[in-house]
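Reviewing the structure listed below.
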Amino acid sequence: MDNPISDGDGESWEKWKNQLANFSLITVNRRVRPACFGDLKTAELHNFADASQVAYGAVSYLRLVDVEERIHCAFLIGKSRLASLRQMTVPRLELSAAVLAVQLDQTVIEELDIPIGQSTFSSDSTCVLQYIRNQSKRFHTFVANRLSVIHENSAPHQWRHVSSEQNPADEVSRGLTVDEMSASSKWLSGPEFLKKREEFWPCDPTIRQPELSDNDPEINRETQLYNQPSTRHRGEEVFSKLIERYSSWDRLRRAVAWLLRFKT
């Protein structure tokens, strides 16, 4: 027999079920280009990623600018994933969200009829941005595999930092009620700064941050490169040991002659 649900979980379930009726209040404008828009000057994709211990996700927007400098931002696609039941660190979850962001970007580029000039990726995790921009350190398998996917589908200079308050993907990582989504959702409308000229966008503080610390737990310290001594260096080492062993030139000469004869 199934165990009875606890009072707290039962209350949460009933509250969630009662909100389902309000889904009809949520509307999404599927027109990505307004009818009054002029000839396109630029078309960009902006992808945002975020994660928590509960869930992670990514969302993509199309930003259009016409020849009259009018700007329009349209919601295209978003995806969310529940975090694994196995305990996982937040940086690893944030990295998984970043992978989801590049996958959404590739899907949109393949399906969208509008030619895209550039794609931008944003995360509020400075740790993940350091992983992506790293050029010298090696990581454990989990991180290395996901960085491989990110680097295959994007370049480090395409990644920017965004604050949690301005990151629309923050809403999927912490969750929203139906009422919250219908009232004022960055998830559906996109961040306000995308509706402004680029000079008014928030600056990226990670550009001025130091390189990734050697103490980061994801760095694989077992992977080290050892320089093998060349044949010339090995010969010099053997000769130095012979000189230290034999006190006279004649004895050293006979020893070397014997080694050469033995080698042949």
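The values are calculated or read from the model by the stated rules, or taken from the named source; none is laboratory data. All values derive from a computational prediction rather than experimental measurement. Glycine gets a Cβ as well: all are built from the backbone with ideal geometry, and neighbour counts include every protein chain shown.
Brief remarks on what is shown
- Leu25 out of contact with any Asp or Glu (no Cβ under 7 Å at 6 or more places or on another chain) and loosely packed, with under 10 Cβ neighbours inside 10 Å: no
- Residue, modelled with the lowest pLDDT, within the stretch 193-219, restricted to residues that are touching a Lys or Arg at 6+ places or on another chain (Cβ under 9 Å) and within 18 Å of His72 (Cβ to Cβ): Trp201
- Among (1) touching a Leu at 6+ places or on another chain (Cβ under 6 Å); (2) buried (at least 17 other Cβ atoms within 10 Å of the Cβ), the one test that Val99 misses: (1)
- Filtered residues of the stretch 131-143 (kept if in contact (Cβ under 8 Å) with a residue 40 or more places away in the chain, farther than 23 Å from Phe193 by Cβ and not β-branched (Val, Ile, Thr)): Tyr131, Asn134, Ser136, Lys137, Arg138, Phe139, His140, Phe142
- Hits in the stretch 52-81 (condition: among the β-branched types (Val, Ile, Thr) and outside any strand (DSSP E or B)): Val54, Val67
- For beta carbons closer than 8 Å, sequence separation of 6+ or different chains, a first residue in the stretch 166-182 that is in the same structural domain as Asp124 (by TED's automatic domain parsing) and more than 20 Å from Glu14 (Cα to Cα) and a second that is at pLDDT 90 or above and of a type in the set (Asp, Glu), the qualifying pairs are Gln166/Glu192; Asn167/Asp50; Asn167/Asp124; Ala169/Asp50; Asp170/Asp50; Asp170/Asp124; Val172/Asp50; Ser173/Asp50.
- Residue within the stretch 32-48 that is surrounded by fewer than 10 Cβ atoms within 10 Å (Cβ to Cβ), within 22 Å of Leu188 (Cβ to Cβ), of a type outside the set (Val, Ile, Thr) and outside the structural domain of Lys79 (by TED's automatic domain parsing) present: no
- Selection within the stretch 126-151: residues that are of a type in the set (Ser, Thr, Tyr) and assigned to a helix (DSSP H, G or I). The member of this set that is nearest to Ser213 (Cα to Cα) is Tyr131.
- Restricting attention to the stretch 167-202, the residues being of a type in the set (A, V, I, L, M) and under 25 Å from the mean Cα position of the chain (by Cα) number 5.
- Selected residue (only one of Thr120, Thr89, Thr107 is of a type outside the set (Lys, Arg), within 23 Å of the chain's Cα centre (by Cα), modelled with pLDDT under 95 and assigned by TED's automatic domain parsing to the domain that holds Asn167): Thr89
- Answer residue from the stretch 152-172, given it is part of a helix (DSSP H, G or I) and polar (S, T, N, Q) and is surrounded by the fewest Cβ atoms within 10 Å (Cβ to Cβ) among those: Ser164
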